[in-house]
Amino acid sequence: MKKNKINLVKFLIIFLGLIFFFVFLSEFSFKYLGETLFFALCIGIAEYYNVLLSQGGSISVAAAPIMAAIFILPLPNAVAATFFGFLGMAIYKGIRFKSVKNELVSLAQGVIIVCLTGLVFRFFGGSEETINLVSTIRRLEIPPKEVLLAFIPILSSFVFYFLVDISFSQLLFSFEKGTPFIYAWLGAVGLLGQIYIAFFASSLLISLLFHSVSYWSIFLFVLPLFVVRYSFKLYMGIKETYWDTIKALAKAVEVQDKKRMGHAERVADYAISIAREMGVYGDDLETLGLASYLHDIGKVGIEEDTLDSALDLSGVLQGEPLHAKIGAEILEQVEYLKHASDIVLKHHALFGQDKEKSADIPLAARIIGVATYFDELVNIEKPESRLNPTQALAKVKKEQSFRFDPKVVRALTRSLKRRGYAVTV
């Protein structure tokens, strides 16, 4: 069912993209044929150099030449340049990587976004002459008021392009991952906002250079454009290394207890899904994910069948396990992990028994507590004792208001329902 829904959404995007393309193609101006082919080449090359995102999907530097095409060319020509630029890459990637459907979706998205952005640009008074007007600013040939009016369509179209492009990518992401669209969208806006500002600045530079030196501008704008791309790729690489380190630490904990292999990753998966249902996004969601992977790091120093192990088990029942205290102390010593220490310290804290103490339990800790318990129920070592997700959820619900936050339990229920389990909210 879920796969059919995703395929339907992709089909609709491709269908709408083709409609937009053929509608605008009828007004194509051969007067700008050379410029159209030039921008198609630039868009195709830029689309090839995409950057993979940590949460899934990718971003390419094609936004810069696409925006420049909108500013410089008649809209039908900008649409054609985008179509053929993406088509070239779709054919290349489809043959090499066998991902024809996804490439066609990217092509259709690009065409739809260009059409809508171009209409916004012209709605606010933009035209092919707008860049000519902007280029005269340095010679002070026009009054400041006219300069401001010239920037209104440019800025409006940039904001629109950014928001719609993010919306398309996160729409598919939310369908594929089964997460609420709005929170995935807000997280992406926070993550990609700065890179899109850099793309916008590059598109304006491309437009001004093309106005001045025509096709030779390709040699002038390639360097800054790919510096932006390289910087963002480096940033994403650092984040990926950061998360690989976190996951390696989590596995180090599980090595000493084979029965718990994969526990940290599953808890992180459940916890992030719950958090998204509750409107957590951005840095708070990242911190939650980090704490989810490392919530048991304190168990490194606790051996089985020892007094410390017995004290830890007793502490779990009281909401104050030894491993949580040790884990919090470990994280406190590392600068980029210390903001998760309080979450790890309180992830077993009992919610509901004491109002004042309950209020001091971070939301992320409450979420991890529910996710941990749920995962333990569905992954009990003995198969005959293991519960299915529906049975485990029923048991979790019995503990709400005494051990778990009811709001978190309801969010878990919604999350499981999105995953296709027959549960009642």
Inset, instruction - With only Lys, Arg, Asp and Glu charged, each at its Cβ (+1 for the first two, -1 for the last two), find how big the charge dipole of the chain is about the Cα centre; round to the nearest 20 debye. - result: 1340
Inset, instruction - Pairs to check: 251/382; 251/395; 355/407; 101/177. Give those whose C-alpha atoms are more than 26 Å from each other in this structure. - result: 251/395
Inset, instruction - For the chain, with a Gaussian network of springs between Cα atoms less than 10 Å apart, report the residue from 241, 130, 82 with the top mean-square fluctuation. - result: 241
Inset, instruction - Give the accessible surface of segment 327-424 per residue, rounded to a whole number of Å², with probe radius 1.4 Å and ligands, DNA and RNA excluded. - result: 54
Legend entry - Among 233, 355, 177: highest mean-square fluctuation, GNM of the chain, C-alpha pairs under 10 Å: 355
Inset, instruction - Using only Cα atoms, tell me the angle between helix 389-398 and the longest principal axis of the chain; keep it within 0 to 90° and round to the nearest 10. - result: 60
Inset, instruction - Grab the Cα-Cα distance for residue 181 and residue 222, subtract it from 0.36 nm times how many residues apart they are, and report the gain in nm with one decimal. - result: 11.3 nm
Inset, instruction - Calculate what fraction, in whole %, of the accessible area of the chain sits on carbon and sulfur atoms when a 1.4 Å probe is rolled over the protein chains. - result: 62
Inset, instruction - Report the accessible area of residue 280, computed with a 1.4 Å probe over the heavy atoms of all protein chains in place, in Å² rounded to the nearest 10. - result: 20
Inset, instruction - Among [x] 162; [y] 369; [z] 179, find the value of volume of the Cα convex hull per residue in Å³ that was calculated from the structure presented, and write down its label. - result: [z]
Legend entry - Calculated FRET efficiency for the pair residue 407/residue 335, C-beta based, R₀ 25 Å, to 0.05: 0.20
Inset, instruction - May I ask you to evaluate 6.51 cos²θ - 1.76 cosθ + 1.60, the Karplus curve with θ = phi - 60°, for each residue of segment 364-377 and list the ³J(HN,Hα) values in order in whole Hz, giving x for glycine and proline? - result: 4, 5, 4, 5, 5, x, 5, 4, 4, 5, 4, 5, 5, 5
Inset, instruction - Using the Karplus curve 6.51 cos²θ - 1.76 cosθ + 1.60 with θ = phi - 60°, work out ³J(HN,Hα) for each residue of segment 7-21 in order, rounded to whole Hz, and write x for Gly and Pro. - result: 5, 5, 4, 5, 4, 5, 5, 4, 4, 5, x, 5, 4, 4, 4
Inset, instruction - Calculate the spin-label point distance for residue 159 paired with residue 213, positioning each point 7 Å from the Cα along the beta-carbon direction, and give it in nanometres. - result: 3.3
Legend entry - Choice from 194, 109, 400 showing the highest fluctuation, given a GNM over the chain with Cα pairs closer than 10 Å: 194
Inset, instruction - Can you pull the one-decimal nm distance between simple spin-label points at residue 258 and residue 284, each 7 Å off the Cα toward Cβ? - result: 4.2
Legend entry - residue 60 long-range amide H proximity, modeled H, under 5 Å: 51
Legend entry - Residue-by-residue Karplus 3J(HN,Hα) for segment 197-214, coefficients 6.51, -1.76, 1.60, Hz, glycine and proline x: 4, 5, 4, 5, 4, 5, 5, 5, 5, 4, 4, 5, 5, 5, 4, 8, 10, 6
Inset, instruction - Determine the order of 231, 212 by accessible area, beginning with the largest, at a probe radius of 1.4 Å. - result: 212, 231
Inset, instruction - Name the long-range amide H neighbours of residue 404: under 5 Å, sequence gap of 5 or more, or other chain; modelled H, no Pro or chain starts. - result: 351
Legend entry - Rg and Dmax of segment 146-259, Cα atoms only, in Å: 20.1, 70
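Need the full-extension length gain, residue 391 to residue 265, defined as separation in residues times 0.36 nm minus the C-alpha distance. One decimal, nm.
43.2 nm
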Inset, instruction - Starting with the highest mean, order 266-279, 327-340 by the number of other Cβ atoms within 10 Å, averaged over the residues of each peptide. - result: 266-279, 327-340
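The values are calculated or read from the model by the stated rules, or taken from the named source; none is laboratory data. Fair warning: this is a prediction, and the values are worked out from it, not measured in the lab. Every residue, glycine among them, receives a Cβ derived from its backbone with ideal geometry; neighbour counts consider all protein chains shown. Note: areas computed on protein heavy atoms with side chains; ligands, DNA, RNA excluded. Shrake-Rupley method; radii C 1.70, N 1.55, O 1.52, S 1.80 Å.
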